[in-house]
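The values are calculated or read from the model by the stated rules, or taken from the named source; none is laboratory data. Keep in mind that what you see is a predicted model, and the values were worked out from it rather than measured. Cβ sites come from the backbone with ideal geometry, for glycine too, and all protein chains shown count toward neighbours.
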Amino acid sequence: MHEPVPDAPAQTEAWELRVHLAEGRQQKLAAARTAVGLHQDDPGSLLLVDAALADEAGTAEEEELRLSSLERAAAVAPDNSWALQRLARAYVRSSQGVRAAPLVRRSLQLRPDNPGALDTFALVAEAQGDCRAARDLQRMAVERLPPPPDPSKPAAKEAGGAAHNDARDQIAAMRARLARYEARCPG
């Protein structure tokens, strides 16, 4: 992991692994910044900043870097559903919900049953003050979640570790948002 990664766009996966394996937010972000510096027009590298910061709010500088990296990723790859929905999510977080709606709609055109895009659309609806739409979109997102892996099966154990825990945390967060929306907007 500590060996230099060659300067080639094909090495995005290596940078992604480096970000994922880094300990602590600052190391993850440092690896993501290096990848972006080496591959400024590679959407995979640009998305690593968002991956390094995860869904936790960062400092103003980190959030500015997240937003600029996601904007660049969406500009370089306008049909990348993930880049579009993550940019929409970043806009909601930065109180720019109006800019988010067209992006998440486009993301859903590209991948209509994507739970992450539906989850982001629910956040957009909430930011726009439409509690019922947020609730309904979040229900759709949760309904489309894949079934949790059976921890007793060997494949689940092999795939376990941090990636498995991250997915489980994201699913739990989606379900918690649904419970929050249902409590605020019954019906």
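Results for (1) within 18 Å of L17 (Cα to Cα); (2) in contact with a Phe, Trp or Tyr (Cβ under 7 Å, 6 or more places away or on another chain); (3) in the same structural domain as L17 (by TED's automatic domain parsing), shown as yes or no for each residue.
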residue: A35; (1), (2), (3): yes, yes, yes
residue: L48; (1), (2), (3): yes, yes, yes
residue: E62; (1), (2), (3): no, no, yes
residue: R66; (1), (2), (3): no, no, yes
residue: E71; (1), (2), (3): no, no, yes
residue: A101; (1), (2), (3): no, no, no
residue: V104; (1), (2), (3): no, yes, no
Checklist entry - What residue, among those in the stretch 110-133 that are among the small types (G, A, S) and touching a residue at least 24 places away in the same chain (Cβ under 8 Å), is surrounded by the fewest Cβ atoms within 10 Å (Cβ to Cβ)? => result A127
Item to check | Conditions (1) without any contact (Cβ under 8 Å) to a residue 12 or more places away in the chain; (2) in contact with a Leu (Cβ under 8 Å, 6 or more places away or on another chain); number of the one not met by G37 | outcome: (2)
Checklist entry - Quick one: would you say V92 is surrounded by 18 or more Cβ atoms within 10 Å (Cβ to Cβ) and not aromatic (F, W, Y)? => result yes
Checklist entry - Quick one: which helices (runs of 4 or more DSSP H) sit completely within the stretch 1-88 and have at least 1 residues that are of a type outside the set (G, A, S), in contact with a Cys (Cβ under 6 Å, 6 or more places away or on another chain) and at pLDDT below 85? => result none
Item to check | Any pair with Cβ under 6 angstrom, 6 or more apart, that starts in the stretch 4-27 at a residue that is of a type outside the set (A, V, I, L, M) and ends at one that is modelled with pLDDT of 70 or more and outside any helix (DSSP H, G or I) | outcome: P9/H39; P9/D42; T12/D42
Next on the checklist: Against the conditions (1) at pLDDT below 95; (2) under 28 Å from Q40 (Cβ atoms); (3) crowded, with 19+ Cβ neighbours inside 10 Å, where does A162 fall short? Just the number, please.
Outcome noted: (3)
Checklist entry - Right, V104: part of a helix (DSSP H, G or I), within 13 Å of the chain's Cα centre (by Cα) and either touching a residue at least 24 places away in the same chain (Cβ under 8 Å) or buried (at least 18 other Cβ atoms within 10 Å of the Cβ) (or both) or not? => result yes
